[in-house]
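Only one structure is covered here, and it is reproduced in the block below.
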Amino acid sequence: MLIRIINFFRGYLVIEACGAFLERFINLAIKSKIYLWDIEKKEKNKAEMKISIRGFHRIRKAAYRTKTRVRIKEKRGLPPYLHKRRKRKAFLFGIAVFIAAVILLTSFIWSVEIEGAEKIEKNSIRDALRSCGIGVGVVKYNHDKRVIQREMMKKVPGLSWIWVDIKGTRAIVTVKERTGKPEIKSDDPCNIVASCDGVITRMIVRDGQKMVQEGDVVSKGQLLVSGVMEGAELQLRHADGEIYATTWHEKNGSFPLSKTESLKTGRVYKKHSVAVGGFSIPVYHFKRSPYKDADVSEKEYSLHLWGDLYLPLRLKTEVFEETNILKYDLTPQEAALYYSGELFAELEDGLSDGTKILDRDMQYVKTENGIDLKCMLTCSENISETREIEITE
Amino acid sequence: MKKKKRKIPAAERAIEAIDLPSELVLGTPCITVRGDRGATVENLSGIVEYDENLLVISTSLGIFRIKGEKLTIKSLTDVDIELCGRIKGFDIDAD
C-alpha cells in the first residue's frame, strides 16, 4: 500500500514491451535495479508493465540488447497529472489558494493551554496573556517570549516562572506558582503580633505570655503575646488569643468644587465590525462616533466550532449611547459631603472581616480651586497575627 | 555412474543448529504460496519463461515452475517476485 502511494507521488509509466525475448528483457531490467511491477502478458511476445519514470530512462540498454520494442501506453501519478494541466490557470490558482489557506490557517494560535496553574485562576492568566499578545486567533509569529515572560511576571501576582511555547497552532503556557509563606499550624510554637497600629481595648489570651495591657498603644508588628514561657524551665508554646483594639484608618484626596453627572439621552449608535487577529474591519456604520459625549460599551463574540475550537474571527459591536454631561457647582460643604462618600467606600473596602466601624470623621480645607478632604474611620478589630518565634540567642 | 551423496556444508549445519532463517543468511530460496491466489518467491536468480499460464524461474537450488491461470507479476525486484493469479500446481527441478 505504502509503495503505491510513493509511486503515485513520484509518477510512473505503463509501458508495452514487444519482442521475442521478453523474459530476458525483464531479467536484464531487474539486474540493473529497475523496479517493475504489475507485469502482465497480453499475448505472445507482448507484455504490459509498470515502471518508474527514472527506470524508464535506464531501460534502453536492456531493450536494445534483447531487440524489444518499448512503447509508453499511459503516464500516471501526480507529476504527469500536474504536467498535463500546467496551462489550466484556474486549476493552478486553486492549488495556490489551497496551499495559502493551509499556511494561513496554521499561522494562527488556535488554542491556549495552561499547565501547572492550581491556585491562580486560569482565566486571569488567560486575560493577562491576551493583553501580552497571546490568545486564540492571534498570529503566532513575532512574539518575543522573553518580553512576554517579563510582562506576565509583572501582571500576574503569585507567579514564580512562566514560559510560552508555541507548538503548531497551540500555545502551551507552563506556569510555576510561587509557594506562599508556610502556614503556622495550630500547635507550632508562635507569637502574636499586632497587624496594625491601635489602642488595645480587650484581650482574650488562651495560651502564651501577655506582653501588653489593655489600654496600651501598640504599633504594627509589635509583640502582643509571646510564645516563650519563662518558668522553672523555658517552654515554647503556641500563643493563642484574640486582641481587640481601636484602630484608625485614614484617606486623603483633593476634589474640585463641582460635580458632573451624565444623563443618557436615549439615542444609540451601533457600530459592527469583524475582527481578525489584531485588525478589525467595519461592516456597518463606518464613522467613529456621531456624538460629542457618549458612553462606549463594547461587546465581542468569538466564533467557535464545537464549543472549543475557536476561529480567529470575532464579531465586535461597539455601542455609543449619547449622554448629556451636566456640571453642578457645589459649596465646599456640599463637595465635602459628596466626595467623602467615595473615600469612605474605598476605606471600607480595605477593612478586614469582622471589623466594626465605631465612628466616621471627615475634615476639609478649602484650597484655591477645590477642597482637600481627609476622611477617617475609627474601628474596633481583631489585630492579632501569628508570627514565627525568632530565636535570637 | 555412482551418484555422489550431497554433503551438507558446515555453515548450513551451523545455521540450522541455531534456528536462523536460512533464506536470510544463506540466500536459499523461500517459496510462499497463499492458497490458490498467489505466491511469493524470495532469492530468485532470474525468470526463464513467463506467460499467462506458466511461470518458470531459476533459483540457486534449481528451476521452479508454477502453473496457473491469468498469472501476473505484482512486483519484481532482483531478489523477490510476487505473483498473482489462480495457482494450479508447481514443481521444483533441483539440479
Original post:
Does A:LYS41 qualify as being surrounded by 12 or more Cβ atoms within 10 Å (Cβ to Cβ) and either closer than 30 Å to A:LYS167 by Cα or modelled with pLDDT under 90 (or both)?
Top reply: yes
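Of everything in the range A:56-80, what is closer than 13 Å to A:TYR12 by Cβ and open to solvent by less than 100 Å² (accessible area, probe 1.4 Å)? Give them in sequence order.
Here is the first cut: in the range A:56-80, the residues closer than 13 Å to A:TYR12 by Cβ are A:56-57, A:59, A:72-80.
Correct list: A:PHE56, A:ILE59, A:ILE72, A:GLU74, A:ARG76, A:GLY77, A:LEU78, A:PRO79, A:PRO80.
Determine whether the range A:290-301 contains at least one residue that is surrounded by 15 or more Cβ atoms within 10 Å (Cβ to Cβ) and either part of a strand (DSSP E or B) or of a type in the set (D, E, K, R) (or both). Spell out the reasoning first.
To start, the set of residues in the range A:290-301 that are surrounded by 15 or more Cβ atoms within 10 Å (Cβ to Cβ) comprises A:291, A:294.
Filter once more, so that each one left must be either part of a strand (DSSP E or B) or of a type in the set (D, E, K, R) (or both): A:294.
Yes, some residue in the range A:290-301 is surrounded by 15 or more Cβ atoms within 10 Å (Cβ to Cβ) and either part of a strand (DSSP E or B) or of a type in the set (D, E, K, R) (or both).
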**OP:** Could you grab the pairs with beta carbons closer than 8 Å, sequence gap of 6+ or different chains, first residue in the range A:103-122 and touching a residue at least 24 places away in the same chain (Cβ under 8 Å), second one acidic (Asp, Glu) and surrounded by 14 or more Cβ atoms within 10 Å (Cβ to Cβ)?
**Re:** A:GLY116/A:GLU177; A:ALA117/A:GLU177; A:GLU118/A:GLU177; A:LYS119/A:GLU177; A:ILE120/A:GLU177
Original post:
Filtering the range A:242-297 down to residues that are modelled with pLDDT of 85 or more and β-branched (Val, Ile, Thr), which residue is farthest from A:TYR338 (Cα to Cα)?
Top reply: A:ILE243
Original post:
Picking from B:ASP78, B:ASP91, B:ASP95, B:ASP36, which residue would you name as being within 9 Å of chain A (Cβ to nearest Cβ) and either charged (D, E, K, R) or surrounded by fewer than 16 Cβ atoms within 10 Å (Cβ to Cβ) (or both)?
Top reply: B:ASP78
**OP:** Collect the residues in the range A:256-276 that are surrounded by 11 or more Cβ atoms within 10 Å (Cβ to Cβ) and in contact with a Lys or Arg (Cβ under 9 Å, 6 or more places away or on another chain), keeping them in residue-number order.
**Re:** A:LEU257, A:SER258, A:LYS259, A:TYR269, A:LYS271, A:HIS272, A:SER273, A:VAL274, A:ALA275, A:VAL276
Subject >> Residue within the range A:184-191 that is over 24 Å from A:GLU300 (Cα atoms), open to solvent by less than 40 Å² (accessible area, probe 1.4 Å) and part of a strand (DSSP E or B) present >> reply: yes
Original post:
Could you say whether any residue in the range A:26-36 is aromatic (Phe, Trp, Tyr) and surrounded by fewer than 18 Cβ atoms within 10 Å (Cβ to Cβ)?
Top reply: no
Original post:
Among the numbered criteria (1) in contact with a strand residue (DSSP E or B) (Cβ under 8 Å, 6 or more places away or on another chain); (2) not in a strand (DSSP E or B), which single criterion is violated by A:ALA90?
Top reply: (1)
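Select from the range B:46-58 the residues that are in a strand (DSSP E or B) and facing chain A (nearest Cβ under 9 Å) and list them in ascending order. Let's see the steps before the verdict.
In the first step, residues of the range B:46-58 are kept if they are in a strand (DSSP E or B); the result is B:46-51, B:54-58.
Hits for the range B:46-58 are B:GLY46, B:ILE47, B:VAL48, B:GLU49, B:TYR50, B:ASP51, B:VAL56.
So how many residues does the range A:1-38 have that are charged (D, E, K, R), within 11 Å of another protein chain (Cβ to nearest Cβ) and in contact with a strand residue (DSSP E or B) (Cβ under 6 Å, 6 or more places away or on another chain)? Even if it seems obvious, please write down each step before you answer.
Going through the range A:1-38, the residues charged (D, E, K, R) turn out to be A:4, A:10, A:16, A:23-24, A:31, A:33, A:38.
Pick out the ones that are also within 11 Å of another protein chain (Cβ to nearest Cβ) and you get A:4, A:23-24, A:31, A:33, A:38.
Filter again for in contact with a strand residue (DSSP E or B) (Cβ under 6 Å, 6 or more places away or on another chain), leaving A:23, A:38.
Total satisfying the criteria: 2.
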Original post:
Say we look at the range A:143-178 and pick out the residues that are closer than 13 Å to A:GLY133 by Cβ and touching a Ser or Thr at 6+ places or on another chain (Cβ under 9 Å); which of these is surrounded by the fewest Cβ atoms within 10 Å (Cβ to Cβ)?
Top reply: A:LYS155
Original post:
Restricting to the range A:364-393, what's the tally of residues that are open to solvent by less than 100 Å² (accessible area, probe 1.4 Å), over 22 Å from A:LEU223 (Cβ atoms) and among the polar types (S, T, N, Q)?
Top reply: 2
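The values are calculated or read from the model by the stated rules, or taken from the named source; none is laboratory data. What you see is a predicted model; the values in this text were computed from it and never measured. Every residue, glycine as well, gets a Cβ built from its backbone with ideal geometry; the counts of neighbours run over all protein chains shown. For accessibility, only protein heavy atoms count, side chains too; no ligands or nucleic acids. Shrake-Rupley method; radii C 1.70, N 1.55, O 1.52, S 1.80 Å.
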